1. Can we say residue A:4 is out of contact with any Phe, Trp or Tyr (no Cβ under 6 Å at 6 or more places or on another chain), over 22 Å from residue A:160 (Cβ atoms) and within 14 Å of chain B (Cβ to nearest Cβ)?
2. Would it be correct to say that residue B:65 is more than 7 Å from every other protein chain (Cβ to nearest Cβ), over 27 Å from residue B:163 (Cα atoms) and surrounded by fewer than 22 Cβ atoms within 10 Å (Cβ to Cβ)?
3. Among the residues of the range B:1-25, how many are within 23 Å of residue B:178 (Cβ to Cβ) and at pLDDT 90 or above?
4. Just to verify a result, which residue in the range B:95-115, among those that are of a type in the set (S, T, N, Q) and surrounded by 20 or more Cβ atoms within 10 Å (Cβ to Cβ), is nearest to the other protein chains (Cβ to nearest Cβ)?
5. Scan the range A:129-148 for residues that are surrounded by fewer than 16 Cβ atoms within 10 Å (Cβ to Cβ) and of a type outside the set (Asp, Glu) and jot them down.
6. Output yes when any residue across the range B:129-137 is more than 10 Å from chain A (Cβ to nearest Cβ) and closer than 30 Å to residue B:7 by Cα, and no when none is.
7. Can residue A:46 be described as surrounded by fewer than 22 Cβ atoms within 10 Å (Cβ to Cβ) and either within 17 Å of residue A:254 (Cα to Cα) or among the β-branched types (Val, Ile, Thr) (or both)?
Amino acid sequence: MKAAHYWHCFVGIQTREWLRFWQQRTRFASALVRPLLWLVVFAAGFRAVLGISIIPPYQTYITYETYIAPGLCGMIILFNSMQGALSMVYDRELGSMRVLLMSPLPRPFLLVTKLLAMGVVSIGQVYVFLLLALLVDVEPPLWGYLAVLPALILTSLMLGALGLLIATWIKQLENFAGVMNFVIFPMFFMSSALYPLWKMNEASPWLYWVCQFNPFTHAVEAIRFSLYLEWNPMAYGITAGVTVVLALLATAGFRPQRTKILGTQSA
Amino acid sequence: MTIEASNLSFRYGDKPVLREVSFALTSGCFHALLGPNGAGKSTLFGLLTRLLALQQGDIRLAGQSLKQQPAEAMRQIGVVFQQNALDLDLTVRQNLQYHAALHGLSRKEARSRGDRELERFELLDRANDAVRQLNGGHRRRVEIARALLHEPSLLLLDEPTVGLDVASRKALNEHVRILCEEDGLTVLWATHLIEEVRADDRVLILHQGQLLADGNGQAICDAEGTRDLAETFHALTGAG
């Protein structure tokens, strides 16, 4: 297998994901409603309750909307990745997964490419969300939109790999409601997405540490800092490290017989 | 290309699904894998396509073990799955291009090979239609055309006629037989429908995970002392 084969395969998987995205664009548009509700409604109600002091990367007092926007970017990716991973092994994507796994290229390569392709589609949604966020005066520096891209890619790969790992190995979580209650909400609420962690530390030190051990916290911080053109090596380092570990575990541990890919009999 | 399966056993948990299955497929021939539902056909296909990991025994394609040279083996195999594996909202051509890309073909190459196959399958005029607009028989033909894009030497079909009406079933079966003759393709056609099998086919009868018969259809009937394959099938499996 030559590099060109890998390249054609990579492009083919990305292309298919975009074609499907384009077919289902109304569904994706409605997926933006959730983060927008948080940004416009929740944030408006909440900012009265919560005072935010000056913390890095911000250099001045900021609105609550500005604070939670990066967290909501993370939320978009979180929901999409989990939903995407479930569809890979349980429902909509089964046919395409069968075709995917018939490729002679190595399986880890195929799976990571597939996760990246799904990630690119959610990153597209993140950018639409950030554009709409301008309407409520969330205005990161212009270069921030570009600087945040690597963090978004890492986050989507990390969460996609986590979703794949969970969907393959935890039978009890094969429906979205289960994943929502046991993965998405805990990860989202026990992170720095909605409140700065020093606030959490005041309220409950043990919860603070739970948040610190949540990789989603560091992904959100990597997004937040790079969006405001600040370098946060710890957030980046942890996100990258966890991404590599999860991607290895998810691809090496992938077993089609633990999914519905093979057909009804193996279910 | 020769395909040999030796001593294949497979179990889901405690439940054995295949027991000591061994066979060799003859290059360029049509083989019918006949078995009632639950006989282990899909599991056997899972092993041949590497969707299931081998537990016991080995499969060799042109002498190369699936365990040691999986990539090489996958290049030689074209598969049509029992369930639809097309993107219904994408066009026929887009579906073919996805598959071709997965096999490392460039877009240009994918396009020319895809059009060639579609022409052969009399579907070229539908290339830009969404798969959803095609009837069941045509969808199946697209899946076979797709399975042949990377020019495999072995075509595996797992109950490809499920859900088709009698006329489409017959047409599809004949179509694959022609491919087999024209291209020298080795075909393994799994089915539980006896009418899809001819007396002079190579027939493998699988029942409860065991290979009960393997050989020329007529020879099997003679050995069993039965009049035709339907009777043989009934006698061996209690089905049909």
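The values are calculated or read from the model by the stated rules, or taken from the named source; none is laboratory data. A quick note: this is a predicted structure, and the numbers were derived from the prediction, not measured. Reconstructed Cβ throughout: ideal geometry from the backbone, glycine too, with neighbour counts over all protein chains shown.
1. Numbers: out of contact with any Phe, Trp or Tyr (no Cβ under 6 Å at 6 or more places or on another chain): yes; over 22 Å from residue A:160 (Cβ atoms): yes; within 14 Å of chain B (Cβ to nearest Cβ): yes.
Yes; evaluated as a whole, the condition is true for this residue.
2. Against the criterion (more than 7 Å from every other protein chain (Cβ to nearest Cβ), over 27 Å from residue B:163 (Cα atoms) and surrounded by fewer than 22 Cβ atoms within 10 Å (Cβ to Cβ)), residue B:65 qualifies.
3. Start the filter on the range B:1-25 by keeping residues that are within 23 Å of residue B:178 (Cβ to Cβ), which leaves B:1-3, B:25.
Add one more test, that the residue is at pLDDT 90 or above, and what stays is B:25.
Residues that pass the stated criteria total 1.
4. Here is the first cut: in the range B:95-115, the ones of a type in the set (S, T, N, Q) are B:95, B:97, B:106, B:112.
Remaining after also requiring surrounded by 20 or more Cβ atoms within 10 Å (Cβ to Cβ): B:95, B:97.
Details: B:95: 9, B:97: 7 Å.
If we take residues in the range B:95-115 being of a type in the set (S, T, N, Q) and surrounded by 20 or more Cβ atoms within 10 Å (Cβ to Cβ), then B:97 is nearest to the other protein chains (Cβ to nearest Cβ).
5. Scanning the range A:129-148 gives A:131, A:132, A:134, A:135, A:141, A:142, A:143, A:145, A:146.
6. Checked against the condition, which is being more than 10 Å from chain A (Cβ to nearest Cβ) and closer than 30 Å to residue B:7 by Cα, the range B:129-137 yields no hits at all.
7. no
Let's see how each residue does on (1) among the β-branched types (Val, Ile, Thr); (2) at positive phi; (3) within 14 Å of chain B (Cβ to nearest Cβ):
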| residue | (1), (2), (3) |
| --- | --- |
| A:76 | yes, no, no |
| A:87 | no, no, yes |
| A:96 | no, no, yes |
| A:106 | no, no, yes |
| A:119 | no, no, no |
| A:138 | yes, no, no |
| A:145 | no, no, no |
